Structure formats: C-alpha cells, structure tokens
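Here, each number is a calculation from the coordinates, and none is a lab measurement. Not measured: the values here are computed from a predicted model. No Cβ is skipped: glycine too gets one built from the backbone with ideal geometry, and neighbour counts run over all protein chains shown.
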C-alpha cells in the first residue's frame, strides 16, 4: 500500500508558490470583454494567480501607436482600462511587449487570424521611445512602487519564424532597445527575455547582454510536454510525450545554464506551459490534465521562479474565435465559465499552507498553516494512447482502480478536527466527461450549463469530525484511481452539528 506520512514538527521550509505566480491569457483586446473579466476574477479568487501575461499589447486594435506626418502619436485608453481591471482584482501585469504596431513595422508579415505584425521595427529609435513612453505612462498612472513590482518581457517566441520574421541578431537589437527604454524610466524596473519556445537562446541571451551591457533581470522561456506536430489551422498529430523527464528536465537545464553563466542569480520564469501547445487539443479539457499538471509542477520545484499555465480561459483567439462549448482550448475554464479539471488542480494547490512539511512521497505535498494541515496527493499514470490527442482525449476514458492510499500524520495537537476530502478525477469535478454524456453538442442551453456547473462545483466528497488522541497521530485510507487528485485537510476549528458525508449537508 502506498503510504504518505508526515510529522507536524518536521518542517521542510516555506512552500514554493511558483505555480500561482503567473498565468497566461488571450490577446490584449479580449481583456475588455465581460466574460474574460468574469473568468479572470474567478481564477484570481480561487487559484490565487498573482500576475497575468498576454499577447498583442502593442497591436493596432489596442490603439497604442500611430504616426502623423512621420511623428509618433501614443494612446493608452484601452490599456488603461485593461490594467485598471487587473489591479482592481489584485493581479499584476507580466508585460509582454508585442506585436509591432503597423506604423512602426518594417514589413507586412503577420501571425494569427487577428494579424499580429511579427516584423522588426523600421526604426529602433522609435521602438525604444515607444517602450519608454509606455513605461513612463504606467509609472505616472500607477506609481513607481507599483510598477517596480511588474515584469517587462520583450516579444514572444522570437526563435520561431511563425512569431518573428527577423534573425536572432535582430531580436537582440529589439531587446536591447526595449530594455534601455524601460531602464531609462527607472533603473529598478525589471526587464527580461528571450521568451523563446523550447527553452532556447538562454545562454545566448545572457552572453549578448554581458558583452553589450544590455540590462537583464530575468530569463523567460516556454515548454510543453508533447511530441508530434500541428499546423496553423489547428490540425494536429500530437501525443503526450512518454519521456519520463519531458517538460521538467528542460526547466532544470535552463536553471543550470543560468547558474553556470556570468549572471548566475537571474530569475527564471516559464511564461508558457501546459499539457499541449495546440489550442484545439482535448487533453486540456480531460480529467487527465489535473494529475499531469501537479506531477510536472512538483518536478519543477526549485528550478523555476514561476510556471505560467497557458491559459486561464478559453476566451482565446489565435486560429479563429472558437464556436464549440468544449473545443480543446487552452483555458482552465471553458467559454461558459465552467471549471475544467485543470482549474481544480490549481485551486487545490492554492489551498496549501505556507509551511511545507518533510514528506518522501514524490507525488504529494504536505503543508500547514494557522488553519491546520493540508495534504495534496495524486496518482499520475500516463495513459497508453492508441491515437493522437485529438482522437484519444475526446473519448470517455474510465479510470482504473489503484487501491487505497494510506495517510499517516503525527505530531498533531490532541483534539477535534474537521476533515474534508476534495477530489478531481474521472467523473469527479470532470465537466468534460459530463459534456460527452450530453453528446458533445456545439452549443449548450442555459439549463445544461447550470446542470454541468452544479455537478462540477468543487464541493468536498466527504466532510466529517475526527478526534486526535494524546499520541498526536491520525491515519486514514483513501481509495485512488488512475490520475485522481485528492486534497485532505484537517481544520483545527472542528465542526458544530452533525457529521457531513459525501457532500450532503
């Protein structure tokens, strides 16, 4: 029997909260939509995200930059509305400077259906001034102390021709000018990159900045754990990588590159990651994703300063606006705001206390705080795929039983506790399987949406009173299935009234 044991007196140290440091989002203009804002407010409140990163902040639909008779004209109204909302709900911008305003672009090459211009600037001087004016505006609007807490990241995946038409040297020139623009407003403001796909250009970026005296406060890059390929129309042949070190090994390698460089103390931010880099991949909706996410995050502990899940909502448009209720979108919630299993994985993570206890189990965290003790564990099993993701994860995939898991806690204070058990897994906070039961309709009625929401609301499957004796020990067995995620909490406040079982109050 698998046993997870922990002593309340044996402290590992502060619990690493890199999983909630940042989250990704659809391009900037979508942030003015009411549903986007509703979904972000929910994700902020329940998952605790602290920063948000998105594409297209400088795109023409944000009205930031134009020229009249060759002279720059700046506009900040749309960004102000967006950033005011972010800060009002307690989340900060992880600013990604992209894409190139048409009036400043050197060419006409674009990416995405909304045509983000991916060419270098026609004038590096005007590009630098645009960045300077933007940062100066934010300092004036929000104050130096606030903006000093932000991050400024230059571009998105410049190592891919799909996102940057220039060379590596062109990117480094773009970076240096933007970094100079940021630092000219305040030397304490944080700027970094290269925001590459596949953890690329890390040593190159550090060496360029060292040689040329360009400011660099952090490294950022992206990683995904799939094999195969997909094209810009969304047609894909992708599989979950069966390499045991997929995704997390690249993060550790990036950390080692930084440690071995001339700038060994740089922060490392993984500003995009998830189960798949396709926005039409049903693995994002499937219950499998919750255990996958926790397994990979656990292995990235100590290497990354943040792991920004891509993205918080299916309100996301790159290929085209999605029309289907569930379409394999990146989001933690779907278009109707229904929480996916991946959302609940992050929500349960967010309930862990600030102090981590020593625990030898590699698929568990045991934490405590002034509320009591929290134990989060999972049974990650990579499924044997007989088809690529778009076929395999669109099916009903019953989970096999794995038997009981024993939880043994010691060093507890004697007394009465409220024990709650939350679960995410097959047909448990598994809205996508419920959706399949409906026949996978493109459109959902209001009644269907509310029924799906009620069936997948995150309520505990068990809440009961337990008593800890003078020996300070507690043991319980929890039945597990493949890719179940379970949170057990012991609250010192205890219960008033009768015991509660299986979510019936």
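Placing a label point 7 Å from the Cα of residue 85 along the Cα-to-Cβ direction, the residues of the range 322-339 with a backbone N closer than 18 Å are 322, 331-338.
Give me the extension gain from residue 453 to residue 241: residue separation times 0.36 nm, minus the current Cα-Cα distance, reported in nm with one decimal.
On the way: separation 212, 0.36 × 212 = 76.32 nm, distance 3.15 nm.
Contour length minus Cα-Cα distance gives 73.2 nm.
Among 35-42, 130-137, 271-278, 238-245, the peptide with the highest mean count of other Cβ atoms within 10 Å heads the list, and the full ranking is 271-278, 130-137, 35-42, 238-245.
How high is the FRET efficiency from residue 492 to residue 461, r the C-beta distance, R0 22 Å, rounded to 0.05? Don't skip to the end; give the middle numbers.
Numbers: r = 21 Å, r/R0 = 0.97.
The computed FRET efficiency comes out at 0.55.
The sum of -39500 (n - 2.57) across all DSSP H runs of n ≥ 4, divided by the residue count of the chain, sets its helix-only mean residue ellipticity at 222 nm to -8000 deg cm²/dmol. To the nearest ten degrees, helix 34-47 and the longest principal axis of the Cα atoms of the chain are 50 degrees apart.
Between residue 148 and residue 473, the simple label model (points 7 Å from Cα in the Cβ direction) yields a spacing of 5.2 nm. For the chain, the longest principal axis of the alpha carbon atoms and the long axis of helix 341-350 meet at an angle near 80°.
Need one word for the range 261-410: rounded, prolate or oblate. Basis is the Cα gyration tensor (sqrt eigenvalues a ≥ b ≥ c); a/c below 1.5 gives rounded, then a/b vs b/c decides.
Working: a/c = 1.84, a/b = 1.31, b/c = 1.40.
In terms of gyration-tensor shape, oblate.
Quick one: if the Förster radius is 22 Å, what FRET efficiency do residue 207 and residue 12 give, using the C-beta to C-beta distance and rounding to 0.05?
Working: r = 36 Å, r/R0 = 1.62.
Plugging the Cβ-Cβ distance into 1/(1 + (r/R0)^6) gives 0.05.
Relative protection proxy for 302-313, 472-483, 151-162, 381-392, from highest mean packing down: 302-313, 151-162, 472-483, 381-392 (other beta-carbon atoms within 10 angstrom). Spin-label model, residue 413 to residue 161: label points 7 Å out along the Cα-to-beta-carbon direction sit 6.5 nm apart. Once the Cα atoms are used to define both axes, helix 202-212 deviates from the longest principal axis of the chain by about 40 degrees.
Fewest-first ordering of 81, 180 by other beta carbons within 10 Å of each residue's beta carbon gives 81, 180. Packing, taken as the mean count of other beta carbons within 10 Å per residue, orders the peptides 223-229, 91-97, 114-120 from highest to lowest as 91-97, 114-120, 223-229.
Quick check for you: which residues of the range 457-481 have the amide N under 19 Å from the point 7 Å beyond the Cα of residue 3 toward its beta carbon? Zone members listed by number: 469, 471-480. A simple spin-label model places pseudo-atoms 7 Å from Cα toward Cβ; at residue 188 and residue 395 they are separated by 5.7 nm.
Length gain on complete extension for the stretch residue 438 to residue 103, per 0.36 nm per residue less the alpha carbon to alpha carbon distance?
Values: separation 335, 0.36 × 335 = 120.60 nm, distance 4.88 nm.
Using 0.36 nm per residue and subtracting the Cα-Cα distance, I get 115.7 nm.
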